[in-house]
Amino acid sequence: MAGKHQQKTSNAPLVILIIVAVVVVGAIVGGAIFFMNGGLSIFKGEETTVAATTEAPSQTDAPAAQTTEAAATSAADETVETKAETEQTTSAESSVKTEDEPIDIAVPTDPDVEVSYFNATFIPNGKVDDNLTGGSATLREVFGTGAAEGVLTFNSDGTFKDTLISSESNRGAYVVQDKTIHATYTNDRNMRIEVTEWDGDTPAQFNIQYGDFTVYFG
């Protein structure tokens with residue numbers, strides 16, 4: 001009898017399975033490597049972009065807030081400056097108005113005696129009598145710091161100005177009668193000036209009562 005030969009088994013399916021397994025494992029490993037490297041970088045880039053986009057408005061808002069604050073400060077400064085200028089202008093206008101206003105004062109005079117006027121400016125000669133103590137006094141005691149620059153000016157239009165006193169009522173009207181100067185301030189205070197020496201029609205020396213003091217001029 002003839003012997004039976006053993007049937008050969010094909011290895012092709014096993015090889016295919018091994019190749020498929022190697023490919024699958026390789027794909028998994030490659031995907032993992034890609035995810036760990038490139039994938040994370042992509043995600044990090046997206047996160048950075050989102051953060052930058054989120055912070056951008058804050059950086060834009062900061063200059064806007066600073067600009068608004070600067071504008072408000074500038075507006076406040078302009079308001080203060082405008083107010084100061086307005087007050088200065090008002091003060092200057094008031095001063096000019098006071099100086100330019102005509103003096104309409106009735107000076108007490110002696111009836112039937114001719115009146116006259118003159119134009120001259122006088123300063124105290126330094127002699128001051130204290131009428132309370134009978135002694136002498138200083139100009140600073142009478143006028144304070146105004147004594148250094150103050151003068152008494154008479155104008156030929158019948159007005160005068162006394163800058164020796166610090167008061168809004170340092171102006172007035174005057175007349176000369178019988179060698180005596182009759183003067184009245186704008187606050188209706190009368191002043192009788194005794195002239196002790198004349199130079200023609202203009203006083204050369206006289207004295208004035210300022211409160212409890214007698215001040216000498218010329």
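Details
- Top-ranked residue of the stretch 126-158 - restricted to ones that are open to solvent by 30 Å² or more (accessible area, probe 1.4 Å) and assigned to a strand (DSSP E or B), ranked as farthest from residue 212 (Cα to Cα): 153
- Hey, residue 116 open to solvent by 70 Å² or more (accessible area, probe 1.4 Å) and of a type outside the set (A, V, I, L, M) or not: no
- Scope the stretch 90-119; condition at pLDDT below 60 and either within 17 Å of residue 181 (Cβ to Cβ) or among the β-branched types (Val, Ile, Thr) (or both); matching residues: 90, 96, 98
- Members of the stretch 99-149 that are among the small types (Gly, Ala, Ser) and touching a helix residue (DSSP H, G or I) at 6+ places or on another chain (Cβ under 6 Å): 147
- Within the stretch 159-169, restricting attention to residues that are among the charged types (D, E, K, R) and open to solvent by 50 Å² or more (accessible area, probe 1.4 Å), the residue that is farthest from the chain's Cα centre (by Cα) is 161.
- Tally of residues being open to solvent by 10 Å² or more (accessible area, probe 1.4 Å), in contact with a Leu (Cβ under 9 Å, 6 or more places away or on another chain), in a strand (DSSP E or B) and not aromatic (Phe, Trp, Tyr) across the stretch 170-210: 0
The values are calculated or read from the model by the stated rules, or taken from the named source; none is laboratory data. This one's a predicted model, so the numbers in the text were calculated from it and none came from an experiment. As a convention, Cβ positions derive from the backbone with ideal geometry for all residues, glycine included, and neighbour counts pool all protein chains shown. The accessibility values were calculated without ligands, DNA or RNA, using every heavy atom of the protein model including side chains. Shrake-Rupley method; radii C 1.70, N 1.55, O 1.52, S 1.80 Å.
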